[in-house]
Amino acid sequence: MIIESATPADLSQLLAFREEAAGWLSALGSDQWSRPYPADKLLATIEAGTVFMLRDGSETVGTITLTPDAEDGLWTPTELGEPARYINKLTVSRVYAGRDIGGRLLNWAGTRAASQGARWLRLDAWTANERLQRYYLDHGFTYVRTVREGVAVNGGPRVSGWIAQRPAVPAEHGFEDATAVGAAATY
C-alpha cells in the first residue's frame, strides 16, 4: 500500500468516506459525523497539503489529515507551545475494516510528525464515542482531558472535545510513503 498527498480529484472519495463512516457510526448508535462536512472546507485542507490518501493498487483504502494547526479552544497555551501535529478525519473504507489500517495510519502520522520535529501527535475525538476513545487509548494515546465548552470550527456546539496525545516517534507502518516529506520511505 502507498500513501500519498490528496489532490482535488480525491474530494468526491473523501466525501464518500465520510458518508460511509457516518452510516456505520449511526448503525452503532452514534451521531458522530451526522452533519455533512462542507466540501469547500475539505477542499481547502487538500489544497493546504494536509490530507493524505492510502491506496492499494487502484483502490483507495483510507485517509488521514495531519496538520500543524490545533483546533481552537482545545489545548492550553503551554501545550500549544510544544511542537505537535494534529490528526483529523482518520477514515478507513469499511471493505478494509478489521485489518488495523487505522492503527498503521496513526503510526505513519507519528513517523511523519517526528520527521517534522514534533514532540506530540495529538487528536480530538467525539466526546460521546467511548468506543473510538478506547481505540485511540489502545493505540498508545494518553487521555488529556475533555473540553465541553466552546464552539466547534463548523459553528455548532463542541461535540469533539475528548483530547489525547502520544509521543511523535517513528513507528512501523508498512506503507510506501510517496508524500513530499517521506518520499520513497517505508517503515
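The numbers here are math on the coordinates, done by the rules we state, and not lab data. Every value quoted in this text rests on a predicted model; they were computed, and no experiment measured them. Glycine also receives a Cβ, built like all others from the backbone with ideal geometry; neighbour counts cover every protein chain displayed.
Arrange the following residues from fewest to most other Cβ atoms within 10 Å of their Cβ: V169, V61. Mind dumping the intermediate values first?
Working: V169 14, V61 23.
Taking fewest neighbouring Cβ atoms as first place, the list is V169, V61.
In nm, give the distance between the simple-model label positions of D56 and D72, each being 7 Å from the Cα along the Cα-to-Cβ direction.
Taking the simple label geometry, D56 and D72 are separated by 4.0 nm.
Got a sec? How would T50, T146 order by Cβ neighbour count within 10 Å, fewest to most? Could you put the intermediate results ahead of the total?
Details: T50 20, T146 14.
Ranking T50, T146 by Cβ neighbours within 10 Å, fewest first, gives T146, T50.
Can you put H173, H139 in order, fewest other beta carbons within 10 Å first? Write down the numbers at each step before the final one.
On the way: H173 24, H139 17.
Least to most surrounded, the residues fall as H139, H173.
Sticking with the crude label model, points 7 Å out along Cα→Cβ, report the distance from R131 to A178 in nm, one decimal please.
It works out to 3.3 nm between the two label points.
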